[in-house]
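These notes concern the structure reproduced below.
The values are calculated or read from the model by the stated rules, or taken from the named source; none is laboratory data. Note that this is a predicted model, so its numbers are computed, not measured. Cβ sites come from the backbone with ideal geometry, for glycine too, and all protein chains shown count toward neighbours. The accessibility values were calculated without ligands, DNA or RNA, using every heavy atom of the protein model including side chains. Shrake-Rupley method; radii C 1.70, N 1.55, O 1.52, S 1.80 Å.
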Amino acid sequence: MTVHTMPLPLPQTDLPRTLHSALVVDDHPLFCDALSMTLKAVAGITRIETADRLESAIARLDRAPMPDVVVLDLNLPDVDGLDGLIRLKTVVGAVPVVVVSSLADNRVVSAALRAGASGFVPKHSHREVFRAAFEAIRQGRAYHPDGYVPQNDPKAPASQREEAVARLSLLTRQQARILQLICEGKLNKQIAWELTIAETTVKAHVTAIMRKLGVQSRTQAVLIARGASFDSLMPEGD
């Protein structure tokens, strides 16, 4: 098996990285159990917590201490596509996020790495693949699966999907949550009630969201968000 690694896009300061604890975000309990055993066996991770929703994961990350690594399934009940990864990155800071997903199409891998994932492992990989992936992360390198081919020339203009991911990455955690609620069709008054904030605060956030996304309406903001969904990653016929 050929192991592929590449430098992380962010500067590294404290290498090698220690990986003693992990937060696994996946809504399938049996897979969480199996992955926990794998991480303990091949990556030396001794403290593993789990969350079955993105919101549960974020609530856990609000409490100290932060885990050494987060392992994320892209397909969660409360997020669509790369939205979960983008929102998680606003919370974890420099903590690496490794995507472990059954959606291992080359387009999905590429989009996840561009959205800030430190590595991507197909969900049903053998233990040796997990071993290689987490060793790469420990050494400060990103990991992508065997056979992955970067889709675009780095000098080429960004695609619409890449533009969407880049713009969504500018949002704060609260703004990302509000955009998700907008995508669900919630009005400002409903968003204010759900988040326990003033409606004027919601309006200010919506204005900031539209400014960062470079749009003039809520509908256009929703279209940008959908640009990072799984549907946008997989062309018709796949």
Condition check for Asp68: open to solvent by 20 Å² or more (accessible area, probe 1.4 Å) and acidic (Asp, Glu): yes
Residue within the range 82-99 that is in contact with a strand residue (DSSP E or B) (Cβ under 8 Å, 6 or more places away or on another chain), under 22 Å from Ala176 (Cα atoms) and among the polar types (S, T, N, Q) present: no
Which listed residue is polar (S, T, N, Q) and closer than 21 Å to Val79 by Cβ, from Thr172, Thr207: Thr172
Residue within the range 46-58 that is farther than 26 Å from Ala166 by Cβ, part of a loop (DSSP other than H, G, I, E, B), among the charged types (D, E, K, R) and at pLDDT below 90 present: no
Inter-residue pairs, beta-carbon under 9 Å, first closer than 22 Å to Ala164 by Cβ and assigned to a helix (DSSP H, G or I) and in the range 86-107, second open to solvent by 20 Å² or more (accessible area, probe 1.4 Å) and of a type in the set (D, E, K, R), 6+ apart: Arg87/Arg173; Arg87/Arg177; Thr90/Arg173; Val91/Asp62; Val91/Arg173; Arg107/Arg161; Arg107/Asp238
Index of the failed condition, Met1 passing every other in (1) among the aliphatic types (A, V, I, L, M); (2) crowded, with 19+ Cβ neighbours inside 10 Å; (3) modelled with pLDDT under 90: (2)
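Of Ser101, Ser21, which residue is modelled with pLDDT of 95 or more and among the small types (Gly, Ala, Ser)? Break it down stepwise before answering.
Details: Ser101 fails: modelled with pLDDT of 95 or more.
After ruling out the rest, the residue left standing is Ser21.
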Which numbered condition Arg60 misses (of (1) surrounded by fewer than 19 Cβ atoms within 10 Å (Cβ to Cβ); (2) closer than 20 Å to Ser169 by Cα; (3) of a type outside the set (Gly, Ala, Ser)): (2)
Filter result for Asp14 (of a type in the set (D, E, K, R), under 19 Å from the mean Cα position of the chain (by Cα) and either in a loop (DSSP other than H, G, I, E, B) or at pLDDT below 90 (or both)): no
Elements of type helices (runs of 4 or more DSSP H) in the range 131-238, at least 3 residues being open to solvent by 10 Å² or more (accessible area, probe 1.4 Å) and modelled with pLDDT under 80: 160-168, 230-233
Matching entry among Thr172, Thr207 (being of a type in the set (Val, Ile, Thr), under 21 Å from Ala115 (Cα atoms) and out of contact with any helix residue (DSSP H, G or I) (no Cβ under 6 Å at 6 or more places or on another chain)): Thr172
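Of the residues Ala57, Ala112, which is more than 16 Å from Ser21 (Cα to Cα), touching a strand residue (DSSP E or B) at 6+ places or on another chain (Cβ under 6 Å) and not aromatic (Phe, Trp, Tyr)? Full working, then the answer.
On the way: Ala57 fails: more than 16 Å from Ser21 (Cα to Cα).
One residue alone meets the criteria, Ala112.
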